[in-house]
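Participant: One structure is given below, represented as structure tokens, and several questions about it will come after.
The values are calculated or read from the model by the stated rules, or taken from the named source; none is laboratory data. If you're wondering where the values come from, they're calculated on a predicted model, not measured in any experiment. Note: ideal-geometry Cβ built from the backbone for every residue, glycine included; neighbour counts use all protein chains shown. Heads up: the accessible areas ignore ligands, DNA and RNA and are worked out on the full protein's heavy atoms, side chains in. Shrake-Rupley method; radii C 1.70, N 1.55, O 1.52, S 1.80 Å.
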Amino acid sequence: MELNIKTLYLVGAIVTVCGAGAALLTWYHHRDAPGLRAWTAALLLTSLGALILRFQTSQADLTLALAADMLIVAGFACMWLSLRFANHGRSGLPRLILLSITVSLAFLVLFVVLRAMGAGRQAAAIPFSLFLGLLGLASAWEIWQGRHKDRLSSRLPAALAFVGLGIARVIRAGVLGFEVLHVLPAGSAAATHPYTLYATIVFTLVVTYGLVMMASEQAGRQEAAQFAES
């Protein structure tokens, strides 16, 4: 089956915006739901990054591309840190924002290093996919660890969806890197890109659904507890 990359980008944009709306609406009704507010921020920053990329005038214009990539990386870092803070009983929005920016700057440093090493056009794509993949896997771990606090059974599908998202992005980074190192033939990254992008879109949708399930299960338990006390 051949996947059209332009169509996938369009579908991805729709899924991201709709996912952000669904997550935000659910969070509005369940303010203490784990991860929903941070996931909304991650999806909104991803949408903003995609919008910035639309203003690129040429392939050589790296400034906008880097700004967009840094926004998206910061959004995913915010998701991971929010879950980690919740699991360890920490709080503080300024600290979370500062650490998210730090992760985004680490992406920029890796880009500069790869650029200096001669990675060419892939100097941004490799660390971008790598950071998203690692942050996705880290988010999966934090979601799963949170089960010790609330015992939500719906944490499992949400964690597995983040694992799938993380693996898809790590595979993308690996193929890009191996192509730059000439381990894989030229064109390998372009050939596999539609499939990793498709997987990213699907798992983004499943993550949103999983977080909404967690909010619903948590609310159901709270209502049951209140009913039992009355």
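Participant: Residue by residue through region 97-144, note down the ones that are modelled with pLDDT of 95 or more, within 21 Å of Val202 (Cβ to Cβ) and open to solvent by 10 Å² or more (accessible area, probe 1.4 Å).
Facilitator: Listed by number, the residues that qualify are Phe128, Leu130, Phe131, Leu132, Leu134, Leu135, Leu137, Ala138, Trp141, Trp144.
Participant: Which condition does Val212 not pass, out of (1) outside any loop (DSSP other than H, G, I, E, B); (2) among the β-branched types (Val, Ile, Thr); (3) free of Cβ contacts under 8 Å to residues at least 60 places away in the same chain, if it passes all the others?
Facilitator: Every condition holds for Val212 apart from (3).
Participant: Another question, then. Pick from region 178-191 the residues that are of a type outside the set (A, V, I, L, M) and open to solvent by 50 Å² or more (accessible area, probe 1.4 Å): which of them is farthest from Arg115 (Cα to Cα)?
Facilitator: Pro185
Participant: Would you tally the residues in region 153-177 being open to solvent by 60 Å² or more (accessible area, probe 1.4 Å) and at pLDDT 95 or above?
Facilitator: 4
Participant: Moving to a separate point now. When you go through Gly89, Gly35, Gly19, Gly12 one by one, which is the residue that is open to solvent by less than 90 Å² (accessible area, probe 1.4 Å), farther than 26 Å from Arg147 by Cα and not charged (D, E, K, R)?
Facilitator: Gly12
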